[in-house]
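In what follows, a structure is listed as structure tokens, so that the remarks can point back to it.
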Amino acid sequence: MDDFADLLEIYQPIPDGAPAARDRPWPVTVVVLTRDEERAIARCLDSALATNCDRVLVVDTGSTDHTVDIVASYTDRRVEMMQIAWADSFAQARNAALDAVGDGWAVFLDADEWIDSGHASPLCDRLHALESVTGITWCALAPVIREEGRDEEYLEIARIVPVNGLRFHGEVHEYPYVPADADVVPGLIGVDLVIWHDGYASEVAAAKDKIQRNVALLECARRREPDNPRWLFFHLRDALPTLHFADVMALVDAFDGAQRRYPGDRQAPEFYRALALARACARLAQLGEWTTALGLCFDLDRLTSGQHPDAAYFRGLHELRKLHRPDPDTLVTLVRLRQDPAAVAGSGLDQQGRQLDALIAAYLFQLKGRDAANRYLAMCEPWTDAFFDMSTLR
């Protein structure tokens, strides 16, 4: 295909009244945020240069390893570096980069990411093809971000922005907004550009203490905006493996006071609350607090005015634990939910429905035997979480 216009998936409508696109092609700058990334920086820069972009701007926030030396070794004139002090805010770093870029498109990469080789060369032409879209100045683009070695991908993280239209907000898990008009929610467009990421591989995340870093930044964000449900959800999500029962419940209860929708945020408070309840149920079930987890399942159902897929998932897990022979009616309910695309898309655990597939296979194993379960699993993508390993019940 010749341009992104053939590959668009609109996650958020393009705002009305946004400034018109210009006539001349916009310069394309790949912006690489980095700090102590000697392990990965060359891989990232090589993939950025393969895009034929106009510029690669490396924004270093205080490296003490060989990262700066590796960047300096590049002879391609497109590679530039600026060094700024880390101000405990990814939005601040991104905005400083946007101010330095000045014009055109900014394609953000973290240093532990790289652009898929099959998607690099046509990137600039595809971006230029979008410049004639009315209102594009107030839109961000979301590539497909895939975790190497894991079955996870993210489809709605804004990584490509028009420099003249948008800025970022938030210490971590930052998001774009329109500084010229706080009432406008930026459009978000999904594009067929694959970016790979390995920064949350267990050994890398542990070495850089990423969980504690994120939690500290989210605590700062919550102090600044205590009624913002976005920071509350991400605090619960990122800290989840370390939380005890009282910690989980304190964060769940805090949603009663986090009801404000902040400028630029695409999601309503109820959206974040539903995501948080699903993650809270997972942690409570891990801790053996099933009574409380099942109570939160009712809250999930109330938020969606019907059977929530994650509530059905945890109820099914509990039933498998408790009953020698599970209820066939539960299997029927699970299959019906799995066949409902809108229900599956509302999951806070997996919007592809893989958790339901794993649970359905576990029910089939109990009710109809191994062959029936394996036939079903042969049609499914595997699911791994605290309760399943490659769709096999732990």
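The values are calculated or read from the model by the stated rules, or taken from the named source; none is laboratory data. These figures come from a predicted structure and were not determined experimentally. Methodologically, a virtual Cβ is constructed for each residue, glycine included, from the backbone with ideal geometry; neighbour enumeration extends over all protein chains shown. Ligands, DNA and RNA are excluded from the accessible area calculation, which covers all protein heavy atoms including side chains. Shrake-Rupley method; radii C 1.70, N 1.55, O 1.52, S 1.80 Å.
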What number of residues within region 84-133 satisfy the criterion of being basic (K, R) and either in a strand (DSSP E or B) or open to solvent by 20 Å² or more (accessible area, probe 1.4 Å) (or both)? 1
Within region 329-343, restricting to residues that are hydrophobic (A, V, I, L, M, F, W, C) and farther than 14 Å from Y313 by Cβ, the one that is nearest to the chain's Cα centre (by Cα) is A342
Determine which single condition T330 fails, assuming it passes every other condition in (1) open to solvent by 50 Å² or more (accessible area, probe 1.4 Å); (2) β-branched (V, I, T); (3) farther than 18 Å from A278 by Cα; (4) touching a residue at least 24 places away in the same chain (Cβ under 8 Å). (1)
Residues in region 184-198 that are assigned to a loop (DSSP other than H, G, I, E, B) and either under 18 Å from A120 (Cα atoms) or touching a helix residue (DSSP H, G or I) at 6+ places or on another chain (Cβ under 7 Å) (or both): how many? 3
So C44 ticks every box in (1) in contact with a helix residue (DSSP H, G or I) (Cβ under 9 Å, 6 or more places away or on another chain); (2) buried (at least 19 other Cβ atoms within 10 Å of the Cβ); (3) within 29 Å of V178 (Cα to Cα) but one. Which box is left unticked? (1)
Per the filter on region 134-152, residues of a type in the set (A, V, I, L, M), surrounded by fewer than 20 Cβ atoms within 10 Å (Cβ to Cβ) and touching a residue at least 60 places away in the same chain (Cβ under 8 Å) are none
Looking at (1) touching a residue at least 12 places away in the same chain (Cβ under 8 Å); (2) surrounded by fewer than 16 Cβ atoms within 10 Å (Cβ to Cβ); (3) not in a helix (DSSP H, G or I), can you tell me which one V335 breaks? (3)
Mind counting the residues in region 342-394 that are assigned to a loop (DSSP other than H, G, I, E, B) and either in contact with a helix residue (DSSP H, G or I) (Cβ under 9 Å, 6 or more places away or on another chain) or open to solvent by 80 Å² or more (accessible area, probe 1.4 Å) (or both)? 21
Taking the condition over 26 Å from the mean Cα position of the chain (by Cα), part of a helix (DSSP H, G or I) and surrounded by fewer than 18 Cβ atoms within 10 Å (Cβ to Cβ), does D69 pass? yes
Scan region 191-208 and report the pairs whose first residue is open to solvent by less than 30 Å² (accessible area, probe 1.4 Å) and among the hydrophobic types (A, V, I, L, M, F, W, C) and whose second residue is modelled with pLDDT under 75 and not in a helix (DSSP H, G or I), with Cβ atoms within less than 9 Å and a gap of 6+ or a chain change. V191/L7; V191/L8; V191/E9; L193/L7
Inspect region 233-244 for any residue being of a type in the set (A, V, I, L, M, F, W, C) and either open to solvent by 30 Å² or more (accessible area, probe 1.4 Å) or within 27 Å of N164 (Cα to Cα) (or both) and give the result as yes or no. no
From L284, L317, grab the single residue that is part of a helix (DSSP H, G or I) and touching a residue at least 60 places away in the same chain (Cβ under 8 Å). L317
